[in-house]
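Enquirer: Here it is: the structure, laid out below.
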Amino acid sequence: MYLSKPMPLEYFDRIGSTNDFVRENLKRYSTNFHGVYSFNQTKGKGVNGHQWISESEKNIALTFCLTDPAIHNNYISFWVAIRVCYFIKKITKTDALIKWPNDILINKKKVSGILIEKSANTFIIGIGINVLQKEFSGVPHASSLISFSSQNYDLKELVHALMKDFKDYFHILKDPFYLLKKYNEYLFGKGKVMVFKIGETKKNGIIQKVEEDGLLEVEVENAGIMKFRIKEIEFLY
């Protein structure tokens, strides 16, 4: 039987989806920074229903909650991406970047994904980080931290260090100017010619910035400046 009082970050040795579990038991975890984590997530979720494939005991699946009606959806998305990107840069000593809207890349390889959902005034923040996994069959753009660093990572220590970072930098959620500026500083592909799929057509384009409303601004070949929502443009690289 579940306890009626809020729980702190709780470990599960096996779980379907950390986001689903927290959402289904929201009263238990709705206090700020309370949630669950596991190193064996069997039904991980990504944005737009994509599946997050993870090898057991090699990667981190983490979900925690923030409850604050004053927080804007886009700002919390920027904040989470910035903190995860910074954390990965720090522990790997590599140049991690944010691929709009919610992936963290090292050398064009995805090492982390973020899924943020909302229920009433509670944000359910899901983070997956590939840490020790070395093989990603059928997923050419995936990789892990150990592929870019010779360090021996302790998964539990990483979880607690990441949560400490979130708590230490919680205050910058109230600084939208900083969040937008830093997000764009970490933005993958900014200012470089890249190939995109827009509708059914491949186009060259140059990412200009992400705007306050979360739209991606791209200078598209023969079309000028265009703005895109999620699923309206695909990166080809």
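The values are calculated or read from the model by the stated rules, or taken from the named source; none is laboratory data. What you see is a predicted model; the values in this text were computed from it and never measured. Cβ placement follows ideal geometry from the backbone for every residue including glycine, while neighbour counts extend to all protein chains displayed.
Enquirer: Could you tell me whether the stretch 67-81 includes any residue that is over 16 Å from ASN130 (Cα atoms) and part of a strand (DSSP E or B)?
Expert: Step one: of the stretch 67-81, the residues over 16 Å from ASN130 (Cα atoms) are 67-80.
Narrowing the set further to residues that are part of a strand (DSSP E or B) leaves 67.
Within the stretch 67-81, one or more residues are over 16 Å from ASN130 (Cα atoms) and part of a strand (DSSP E or B).
Enquirer: Inspect all residues belonging to the stretch 52-65 and state whether any of them is surrounded by fewer than 19 Cβ atoms within 10 Å (Cβ to Cβ), at pLDDT below 85 and in the same structural domain as SER137 (by TED's automatic domain parsing). Show your work before the answer.
Expert: Residues of the stretch 52-65 surrounded by fewer than 19 Cβ atoms within 10 Å (Cβ to Cβ): 53, 55-58.
If we keep only those that are at pLDDT below 85 too, we end up with 53.
Now restrict to residues that are in the same structural domain as SER137 (by TED's automatic domain parsing): 53.
Scanning the stretch 52-65, I find at least one residue that is surrounded by fewer than 19 Cβ atoms within 10 Å (Cβ to Cβ), at pLDDT below 85 and in the same structural domain as SER137 (by TED's automatic domain parsing), so the answer is yes.
Enquirer: Counting only residues that are assigned to a strand (DSSP E or B) and farther than 19 Å from GLY191 by Cβ, how many does the stretch 210-237 have?
Expert: Residues of the stretch 210-237 assigned to a strand (DSSP E or B): 210, 216-220, 224-228, 234-236.
Checking which are farther than 19 Å from GLY191 by Cβ leaves us with 234.
The qualifying residues number 1.
Enquirer: Let me ask something else about it. What number goes with the only condition from (1) assigned to a helix (DSSP H, G or I); (2) surrounded by 16 or more Cβ atoms within 10 Å (Cβ to Cβ) that LYS90 does not pass?
Expert: (2)
Enquirer: Only one of (1) out of contact with any strand residue (DSSP E or B) (no Cβ under 8 Å at 6 or more places or on another chain); (2) at pLDDT below 95 is not met by HIS141, so which one is it?
Expert: (1)
Enquirer: So which residues in the stretch 93-113 are surrounded by 19 or more Cβ atoms within 10 Å (Cβ to Cβ) and not in a strand (DSSP E or B)?
Expert: TRP100, PRO101, ASN102
Enquirer: Would the stretch 194-209 turn up any residue that is within 26 Å of ILE71 (Cβ to Cβ) and under 16 Å from the mean Cα position of the chain (by Cα)?
Expert: For the stretch 194-209, residues within 26 Å of ILE71 (Cβ to Cβ) and under 16 Å from the mean Cα position of the chain (by Cα): absent.
Enquirer: For the stretch 196-237, enumerate the residues that are out of contact with any Gly (no Cβ under 7 Å at 6 or more places or on another chain) and acidic (Asp, Glu).
Expert: GLU200, GLU211, GLU212, ASP213, GLU217, GLU232, GLU234
Enquirer: Quick check on my filter: what residues within the stretch 138-178 are under 12 Å from LYS58 (Cα atoms), without any contact (Cβ under 8 Å) to a residue 60 or more places away in the chain and in a helix (DSSP H, G or I)?
Expert: LEU145, ILE146 - these are the residues of the stretch 138-178 that are under 12 Å from LYS58 (Cα atoms), without any contact (Cβ under 8 Å) to a residue 60 or more places away in the chain and in a helix (DSSP H, G or I).
Enquirer: Please state which of the following conditions TRP100 fails to meet, knowing it meets all the rest: (1) among the aromatic types (Phe, Trp, Tyr); (2) farther than 15 Å from CYS85 by Cβ; (3) touching a Leu at 6+ places or on another chain (Cβ under 7 Å).
Expert: Checking TRP100 against (1) among the aromatic types (Phe, Trp, Tyr); (2) farther than 15 Å from CYS85 by Cβ; (3) touching a Leu at 6+ places or on another chain (Cβ under 7 Å), the one that fails is (2).
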